[in-house]
Amino acid sequence: MKNNYASPEDLRWKCYKCNIFLSVGPATLIYMGNKIKAQLPVCPQCGFVFISEELALGKMAEVEQILEDK
Amino acid sequence: MDQKELRLIESKCIQEEPPECTAACPIHIDVRTFIANVARGKWEEAWKILRKTMPFPGILGRICDAPCKEYCKRKGAGQAIEIGMLEQACVKTQAPKQRIIPLPKKEKCIAIAVSKLSGLTAAWDLSRKGYEVTIFEAGGELGENLLSMPDEMLPHDLVREELGILFSLGVEAVLNSSVDDEKFLSDLLNRFDALYVGPDDGGLSSNFLERENVFSGGFSHYKAKSPVWQAAEGRWAATSIDRYLQKVSQTAGREKDGPFPTRLYTNIDNVAFATAVKPLDDESGYTPQEAMQEAGRCLHCECLECVKACSYLEKFGSYPRKYSREIYNNSSIVMGPRQANKLVNSCSLCGLCEAICPENFAMQTLCLEARRDMVQKGKMPVSAHEFALLDMQFSNSDRFAMAQHETGHESSAYVFFPGCQLCASSPDKVKNVYAHLRETLSGGVGLMLGCCNAPAFWAGEEELFEKQFSIFSGKWADLGRPQIILACSTCYKIFKENLNKANIVSLWSILDETGLPRDCTVIKSDVPLALHDPCTTRYESALQNNVRNLLQKIDQPFLELTAKREYAECCGYGGLMQNANPDLAKTVIKRLAGKSSADYVTYCAVCRDNLAGAEKRTVHILDLIFNKDGESVPAARKRPGWSQRQENRLRLKHDLLSDLWAKDETNRKDNDGIVLNISSEVWQILEDRRILVTDLEEVIRHAETSGQKFFNPDTRHFKTSLKLYNTTFWLEYTTSDNGFTIYNAYSHRMVVSGKEK
Ligand SMILES: [Zn+2]
C-alpha cells in the first residue's frame, strides 16, 4: 500500500475543527504488528486522517485479511 | 495433532479408496478411469490406462475374463458394466505409440521356466526392472499355449508382435527345453540368480521347490485357467524375485497384492435402472459407439456422501481427507500465509458429516481442535469471531445477565434459562413462558438470563469459555443448583457437556409432560408446516419427540423434512459460520429453506430468524403455543436485526425486573437523548456490515463533544470516526433539531494515524 489513496472527492472534505480542505499527506496504518505507510487525505493542520468507504471496504479489508492469515 | 494422528484421521475418509472393480481385479487395473475414457471416446487415453498395469494389453485385453464384473456396483441398478467387452473394444483400436525405457541394467540374471501368461508376465516385469531374463520354453515357439487359441479370438500375428516387445527388452528365449526335468532346472541354478517355475510342474520335489532362489506359485481350481489370474501370479513372482535379489522383505506392504475388500462406499439410491448395452454382433463384440454407450452407464463410484449433504464441504472444492491434510499443514506453518484459516473457521461444527459418513469422519472435531490450536498460538484472525464474542460479552454483562429466585420464594426447585437468542428474538414469548412455568411448577421457578457461552466454545476460546461458564455455575450454585429449564438446544448441548445431565431439562419436555397453558389461543395453520430440527438436537431424540408430541397436542399438522433428526442441517449460525464466512452462511440457509415449499416450524430462535432472514416463512413453536397477542401471521415475522437483538435483551431484563421484582433499572447509560434517523436502506447496510446502533451513538457522541469530524461543503454532510474494541467505525451524518440522520456507515480494523503537527 505505498500508493496514493486519495481521490478528488475525498479532497472535497474539510477538517471541521481547523476549517481547512484536506490534502494528500503521509499516514501510517498499523495492523497486527505490521506498519504500512500510505499517502491519504489528511488535515494539513491537525493531521486527522480521512478514510473513504471505498478504501475501507476495498484495499484495507483485503490487506487486513492477508495480515490476519500471516 | 502429529503426523500419526493425521494419518489416523485421514484414513477415516474413504473417498480415495479404490472402487470395487479395481479392488477385485487381481492386478488392480484402474478400471474407473479406463471406463471414463472409453465413455468419452478417448481411446488412446484408455489404452494408456490399461498399459499402466496390464502386461501385454493387446493380448490380455482380448482374453481377460474380468472377475471384477461380479463386484460392479451397477449390478444394484440394472446390470454390471461389461468391463471385459470394453477392454476388447479398446485394444481393437489403434494402439498409441510407446517407448519402453527399462531401468538401468542390473547384474543379475533370472531364468523363467514357465511359458504361460504367468511366466511371460514375470519376464515382462523383470526385464523392465533391468534384469537379464531368459525364458525356457518347452515348445518350439514362445507363447505356445497362447498360440493354441483360435485366431479369431486372439490373432496369432498379434501374439507374436506383443511377445516381440520382450525381445526388444533383451529377453532371451530358449526353445524345446525340458522344463519338467528337475535335473535340467537344477543345472540352471548354477548359471542364474533366481528361477521361476510353473505351478503345474508336479514332478518337482519339495526339496527343490524350497530352495530360496526357486520361486513358484500358482492356483488350483479355475483361477489357473483365468488369464488375468495367470498374469497376477507372474507379477507376484516377479515382485518376490526382485525383492529377493534386492535383499528386502518379502512380505512388507504386500497385503493388497491380490483382490481385497475395498472400504469405498457408493450410494446407488438415486441411480436410474439401466441394463447392459447388447452388441449388435455378438461374435465381434462392441463397436466403438456401443462401447462408449456401455461405458456411459458406469457410476464412476465414489463416496462424497458428506460433501453432497454439506455446502461447507462442497464450497472448498474437495473432501475431508484432503481437508484434514490442509488443516494439518496450516497449523504447522511457522512463517507465511495460513491458507486454510477460512476452511477451519467456516465449519458450522454441526456434525452432519459424522452422522452421514459410513466411517464417522468428524470434520467438526478437526476444525474445533484447529481453532483451539490457533487461539493458543495467538494465530486466530481477530475478525473471524469478534462480533459474536462481543455479543456474548453483552449477554453476560449486567445489561442482560441476571439470576433471581421467583418473587416470594427463598429457593428455587427450577430455574428457567431461556438463552440469549430467544430473548433477542422473542422477548415477549420469554415472558409468556416464564409466567406459564411459574403457574404450573411448584417449588419456585427462578430466572437466569445470560449466554451459555457457546460462541466462545465454537471460537476455540477454551480459557474464555471456562471462565465464563464458571461465572454462570457460581450464580447457579447461589440459587441452590435448581434444575435448569432450557428453551434453546444449543444451550442444552453446552450444558449437557459441562454439567451433570440430571441438572437440565428441556422446555419441550416440561411442556409435553405438564401440559399446555390453559388460557392460550393456539393459532395454528391448517396446512401442514414442515418441521425443522435444529442441528444441535441431532442425537436428542427424546427432545425431538417432545416437540412432535406438542405439535400433535395443539392439532398442528406437520410434515417431516428428509433432513430430520439425526440428519438435521444447520442454519449457518452454528460454529460461528455466520461470522467467519457470511457468504457461505447465506448459501447454507438458502439450502435449508429450500427443503420444502411448506412454511416451516422449528424450536430454535436462531434457526427461526435465519430462515425468516432468507425470506422463508417460519414460526417458532412458541409462536403457536403462546399466542396471546393475537398475532395473525407469525410466520411472516421479520428477523430482528443485530441492534434490535441487543435492544430486546436489554429491555427484557428491564421489564422483568420492574414487573416481577419491582426493581427499577434506569441506569441505561445510552439514554442521553441521542435520536438517530435511519432509512431502511441504511438499516440494511448496518445489518450487512454488522454495525450496531449503540456503536453509532457512541461515535456521534464523541464527534459532537470533541468536534473531531469532517465537513463536506457540497453535501453539507459530516463524517467522523471512532475506534471501539478492535474496530474503527466511520459514520456519515447530518444534524437537525430532530436528531441525527445517518447516510452511511462502515468500518475497518487497521489503526490509522496521521502526522501530528
Ligand atoms: Zn484539522
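The values are calculated or read from the model by the stated rules, or taken from the named source; none is laboratory data. In this text the structure is predicted, and so the values were computed from the model without any measurement. FYI the Cβ positions are ideal-geometry reconstructions off the backbone, even for glycines, and counts take in every protein chain you see.
Annotations
- Hey, B:L185 surrounded by 19 or more Cβ atoms within 10 Å (Cβ to Cβ) and not in a helix (DSSP H, G or I) or not: no
- Residue match in region B:340-350 (condition: within 14 Å of chain A (Cβ to nearest Cβ), basic (K, R) and outside any loop (DSSP other than H, G, I, E, B)): yes
- Screening the candidates B:T715, B:T694, B:T727, B:T741 for the property of being free of Cβ contacts under 8 Å to residues at least 24 places away in the same chain and surrounded by 13 or more Cβ atoms within 10 Å (Cβ to Cβ) yields one hit, B:T715.
- The residue list B:A272, B:A276, B:A252, B:A237 contains one member that is touching a strand residue (DSSP E or B) at 6+ places or on another chain (Cβ under 9 Å) and loosely packed, with under 12 Cβ neighbours inside 10 Å, which is B:A272.
- Test result for A:A61, away from the ligand (no atom under 16 Å from the Cβ), free of Cβ contacts under 8 Å to residues at least 24 places away in the same chain and either closer than 17 Å to B:F729 by Cα or touching a strand residue (DSSP E or B) at 6+ places or on another chain (Cβ under 8 Å) (or both): yes
- In region B:63-73, the qualifying residues are those that are touching a Pro at 6+ places or on another chain (Cβ under 9 Å) and surrounded by fewer than 23 Cβ atoms within 10 Å (Cβ to Cβ), and the one that is nearest to B:W43 (Cα to Cα) is B:I63.
- Scanning region A:43-70 for residues that are within 7 Å of another protein chain (Cβ to nearest Cβ) and either among the charged types (D, E, K, R) or part of a loop (DSSP other than H, G, I, E, B) (or both) returns A:Q45, A:C46, A:G47, A:F48, A:F50, A:I51, A:E53, A:E64, A:E68, A:D69, A:K70.
- Hits in region A:5-42 (condition: facing chain B (nearest Cβ under 7 Å) and touching a helix residue (DSSP H, G or I) at 6+ places or on another chain (Cβ under 9 Å)): A:Y16, A:K17, A:L29, A:Y31
- The set of residues in region B:86-115 being farther than 20 Å from B:I29 by Cβ and in contact with a Pro (Cβ under 9 Å, 6 or more places away or on another chain) consists of B:V114 alone.
- Filtered residues of region B:124-142 (kept if surrounded by fewer than 19 Cβ atoms within 10 Å (Cβ to Cβ) and of a type in the set (A, V, I, L, M)): B:A138
- Among (1) in contact (Cβ under 8 Å) with a residue 60 or more places away in the chain; (2) more than 14 Å from every other protein chain (Cβ to nearest Cβ); (3) surrounded by fewer than 23 Cβ atoms within 10 Å (Cβ to Cβ), the one test that B:V382 misses: (2)
- Boolean, A:P26 is within 12 Å of the ligand (Cβ to nearest atom), modelled with pLDDT of 90 or more, outside any loop (DSSP other than H, G, I, E, B) and not aliphatic (A, V, I, L, M): no
- Residues in region A:34-58 that are within 16 Å of the ligand (Cβ to nearest atom) and surrounded by 15 or more Cβ atoms within 10 Å (Cβ to Cβ): A:L40, A:P41, A:V42, A:C43, A:P44, A:C46, A:G47, A:F48, A:V49, A:F50, A:I51.
- Inside region B:699-728, residues that are within 22 Å of A:S23 (Cα to Cα) and within 46 Å of the chain's Cα centre (by Cα) make up a count of 5.
- Residue list for region B:720-748, filter: within 14 Å of chain A (Cβ to nearest Cβ) and among the charged types (D, E, K, R): B:K723, B:E732
- Residues of region B:112-148 satisfying the condition of being within 14 Å of B:G234 (Cβ to Cβ), in contact (Cβ under 8 Å) with a residue 40 or more places away in the chain, among the hydrophobic types (A, V, I, L, M, F, W, C) and not in a loop (DSSP other than H, G, I, E, B): B:I112, B:A113, B:L117, B:L120, B:A122, B:A123, B:W124, B:L126, B:L146
Residue-by-condition table, conditions (1) surrounded by fewer than 19 Cβ atoms within 10 Å (Cβ to Cβ); (2) of a type outside the set (V, I, T); (3) not in a helix (DSSP H, G or I):
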{"position": "B:G572", "(1), (2), (3)": "no, yes, yes"}
{"position": "B:L576", "(1), (2), (3)": "no, yes, no"}
{"position": "B:A585", "(1), (2), (3)": "no, yes, no"}
{"position": "B:V601", "(1), (2), (3)": "no, no, yes"}
{"position": "B:C607", "(1), (2), (3)": "no, yes, no"}
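- Taken together, B:F400, B:F361 contain a single residue that is in a loop (DSSP other than H, G, I, E, B), touching a Pro at 6+ places or on another chain (Cβ under 8 Å) and among the aromatic types (F, W, Y), which is B:F361.
- So B:G296, is it under 30 Å from B:V382 (Cβ atoms) and not aliphatic (A, V, I, L, M): no
- Among residues of region A:1-23, those that are part of a strand (DSSP E or B) and within 15 Å of the ligand (Cβ to nearest atom), counted: 5
- In this entry, B:S753 passes the filter for residues that are within 9 Å of chain A (Cβ to nearest Cβ), modelled with pLDDT under 95 and at negative phi.
- Filtered by the rule that a residue be assigned to a strand (DSSP E or B) and of a type in the set (A, V, I, L, M), region A:29-42 gives A:L29, A:I30, A:I36, A:A38, A:L40, A:V42.
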